[in-house]
Amino acid sequence: QKEDREKTSKELSTELEKVEEKIAAAGEESSKAELEMAQYESCGIRVAELKSLIGRCQQDKQDAQRAMEEKGQSVYRESYEELNQQAQHFNERVLVQSDQQLRQAKADLTKGEADYHAAVDSARKLREDM
């Protein structure tokens, strides 16, 4: 009987140790699950914050566009690269052409003024000679 009791006691102790190990493992798994759940909740909160931020940015964009339209300003839909190319073309071609045309107009004006003064002087001399 003693041997049976000792054997049963050992078996129960072994079973108890196994149960305790399983309980400890389940506790660890539960802690991990709680941690993961907290991380997912945190991600959900962050997603909600980012969606809210996107909404505010879109609203700000619409407000700015509306304000620009009310002021009669243009809203550019071109990309930055396109606008840069247009500005470069303007600086390289249009400004140079305008500068050349301005110089030509000034030269024509100076020549016209000289011709005018020469004609006035000739007319004055002719009047004096008469």
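The values are calculated or read from the model by the stated rules, or taken from the named source; none is laboratory data. Source: prediction; values computed, not measured. In this analysis, Cβ positions are derived from the backbone assuming ideal geometry, glycine residues included, and neighbour counts consider all displayed protein chains. Ligands, DNA and RNA are stripped out before the accessible areas are found, and what is left, the full protein with its side chains, is counted by its heavy atoms. Shrake-Rupley method; radii C 1.70, N 1.55, O 1.52, S 1.80 Å.
List every residue pair whose Cβ atoms sit under 6 Å apart, with the two residues 6 or more apart in sequence or on different chains, where the first one lies in the stretch 46-66 and is without any contact (Cβ under 8 Å) to a residue 24 or more places away in the chain and the second, anywhere, is of a type in the set (G, A, S) and surrounded by 10 or more Cβ atoms within 10 Å (Cβ to Cβ).
The qualifying pairs do not exist here.
I'd like the residue in the stretch 77-130 that is open to solvent by less than 100 Å² (accessible area, probe 1.4 Å), acidic (D, E) and within 30 Å of K61 (Cα to Cα) and, out of all such residues, is nearest to the chain's Cα centre (by Cα).
Going through the qualifying residues, I end up with E78.
Within the stretch 33-47, is even one residue modelled with pLDDT of 90 or more, open to solvent by less than 70 Å² (accessible area, probe 1.4 Å) and over 24 Å from the mean Cα position of the chain (by Cα)?
Checking the stretch 33-47: at least one residue is modelled with pLDDT of 90 or more, open to solvent by less than 70 Å² (accessible area, probe 1.4 Å) and over 24 Å from the mean Cα position of the chain (by Cα).
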